[in-house]
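To start, the structure itself, in C-alpha cells.
Just so it is clear, none of the values below were taken in a lab; they were calculated from the coordinates. Predicted model, so just to flag it, every value in this text is computed and none were measured. Using ideal geometry, Cβ is built from the backbone for each residue, glycine included, and neighbour counts are taken over all protein chains shown.
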Amino acid sequence: MSTPPARRRQLRTWSPAGKQELVQAVNAGSACGPELLDLASNDYLSLCRHPSLIAAAEAQLRCSGVGAGGSRLVSGSRPVHDQLESELAQWLGRDKVLLFPSGFQANLAAVKALANRHTTVIADRLIHHSLLVGVQASSARLRRFVHNDLESLERLMLRCRSEHPDAHLLVITESLFSMEGTSPRVHELATLCERHNASLLLDEAHALGVLGEGGRGLGFGERRVTMLSGTFGKAFGSGGAFLACNGELGEQLLQESGAFRYTTALAPPLAAAALAALELMRNNPDWGQTLVQRSNTWRDRLVEAGWARPTGGGPIVPLLVGEDQRCLNLQRHLELSGLFTAAIRPPTVPEGSARLRLVLHRLLPDETLESLLRALSDGRVS
C-alpha cells in the first residue's frame, strides 16, 4: 500500500439521530455516540429525510419493488424512470435526459461519449476523479488548465490547435467545485469554447438545487454547454445521477454507452424520491438563493473572527487550516463541541492546504454559526 500510515482513512459509520440535521457515530457493538450537528454531508436542501421523498419512495417500493432487476434496455425501465427523465429535461431546458445509478458512472459515460483517441481534453486542474477516469478510458490526450483561469484555458487551446490542428477539443469543468466551493464564469467559458470550436462538459453535481435560476445550475439557459451531468445524491436528497444533452447525443448514449446499457437501472424508489425532490424545488425556487446568502454571512463572520475568507460563494465553505494534523485536531475539537465536520487532506487537496469542509444545509438551526465560531475560537486556543 502506497498511502502513508498517517494519511490512511478509516470508515466511520453514522446514523441519523432523532431530529433533522443531527447524526450519531455508530461505534463497536452498535453503541451510538453523542448527537452531532451535521456540517459535513451534501444534503444541501435538507431533503433526504423529507416526508414527501419518503412517501414517494415507499409508494414506489410497494409498486415496483426494491430494485429494477435489469438494465434499461432489457427489463429494468419503469414508468417512474421515464417520468423523471421527461420532467428533469423540461426543468433544465434540455432535449434529453438519461438516468444512471451513480454520478461516477454518469461522468464516465459523458466523457466517453464526447472524447476518443483523436480528442484533446482540456480540463480544470481540480475536476472530480470520475472525470479523469473517463478521460483515461477514452484514450484522449489530457491537458490541465489553472483552476477557473480562462486565460490559462485559452493559452492551452491555442497550443493544442497548433500541435494537433485536426483534433477535436473537449473542455471539462464543474459548476461548483466540491472542495473549493468555487464556480467558473460559465457564460464566458462557453463563449471561449465556441470561439475555438470546442465541446463543453459541465458537471453540475454540487450546483443543482442551489445555484442558478431556480436552482437549475449554472448551465441553465446556456445552450453552448454540450452536456450536463448531475446527481440526485446531494441537493435532491436521493441517489443516482443523470446526463442532459441534445437529442442526437442522447440517442448516441442510449445506443453506445456501456455505462448506460450494461448496468442495472436506477432503483425505482430512488427515482421516485428524486421526482418528489424536483417537485419541491420547482415549488420553492428561492431555496438555493437563500442558502447562498446564508453562506456568505458565514464567510463574513469567519473573516471577522480572524480566518482567511473561505473561497467561493455557495453552501460549501472551505476553512483553510494548512497542516494535516492541525486540521484533524480541529475536527476532533469541533466534534467534542457537537459539530460534525470533515477534515479534507492530501491527496484530495494539494499539499499544505488541509481544510475543514463546512457544508450549510437549509434546515440548520439559526444558532449554528455562533456555536461554530465559539468552538473554532476554543480550538485555536487549545
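The overall shape of region 196-285 is oblate: from the C-alpha gyration tensor, with semi-axes ordered a ≥ b ≥ c, the ratio a/c is 1.5 or greater and a/b is no larger than b/c. Projecting the Cα atoms of Q136, L45, N148 onto the dipole axis of the chain, where Lys and Arg carry +1 and Asp and Glu carry -1 at the beta carbon, places Q136 farthest toward the positive end. Put a plus charge on the Cβ of each Lys and Arg, a minus charge on the Cβ of each Asp and Glu, and nothing anywhere else: the dipole of region 51-283 about its Cα centre is then about 400 debye. Just to verify a number: FRET efficiency for R309 and R9, C-beta to C-beta distance, R0 = 25 Å, to 0.05? The value I calculate is 0.30. Note on region 273-375: semi-axes of the ellipsoid equivalent to its C-alpha gyration tensor, largest first and rounded to whole Å, are 27, 16, 14. In this calculation the C-beta distance from Y262 to T191 is compared with R0 = 51 Å, giving a FRET efficiency of 0.85.
Inter-label distance, E251 to L336: 6.4 nm, where each label sits 7 Å from its Cα along the C-beta direction.
Which is the longest run of the chain containing none of the GluC sites (Glu not before Pro) found in DSSP loop states (not H, G, I, E, B) with at most 11 other C-beta atoms within 10 Å?
Longest site-free region, per DSSP loop and neighbour criteria: 1-350.
Of the chymotrypsin sites (Phe, Trp or Tyr not before Pro) found in region 224-312, those in coil by DSSP whose Cβ has at most 10 other Cβ atoms within 10 Å are Y262.
What is the mean projected area of the alpha carbon convex hull for region 86-207, to one decimal in square nanometres?
Mean projected area for region 86-207: 7.4 nm², to one decimal.
At 222 nm, what value in deg cm²/dmol follows for the chain if DSSP H runs of at least 4 each add -39500 (n - 2.57) and the sum is divided by all its residues, to the nearest 500? Display every interim value, and only then the final one.
Details: 12 runs with 149 residues, N = 382.
Computed ellipticity for the chain at 222 nm equals -12000 deg cm²/dmol.
For the chain, what relative contact order do you get, as a whole percent, if you take Cα pairs closer than 8 Å and at least 6 residues apart?
22 percent
If R0 is 45 Å, the Cβ-Cβ spacing of D286 and D166 corresponds to a FRET efficiency of close to 0.40. Remark: C-alpha extents of region 143-198 on the principal axes read 35, 19, 17 Å, sorted largest to smallest. Across the chain, the longest run free of exposed loop sites, meaning trypsin sites (Lys or Arg not before Pro) lying outside DSSP classes H, G, I, E and B with no more than 16 other Cβ atoms within 10 Å, spans 225-382. Computed on the Cα atoms alone, the convex hull of region 1-158 gives a volume of 242 cubic angstrom per residue. E154 label point, 7 Å along Cα→Cβ, cut-off 19 Å on backbone N: hits in region 104-133? Flagged as within label range: 122-125. Quick check on region 222-270: take the gyration tensor over C-alpha atoms, sort the square-rooted eigenvalues as a ≥ b ≥ c, and tell me if it's rounded (a/c under 1.5), prolate or oblate. It is oblate, given that a/c is not under 1.5 and a/b is not larger than b/c.
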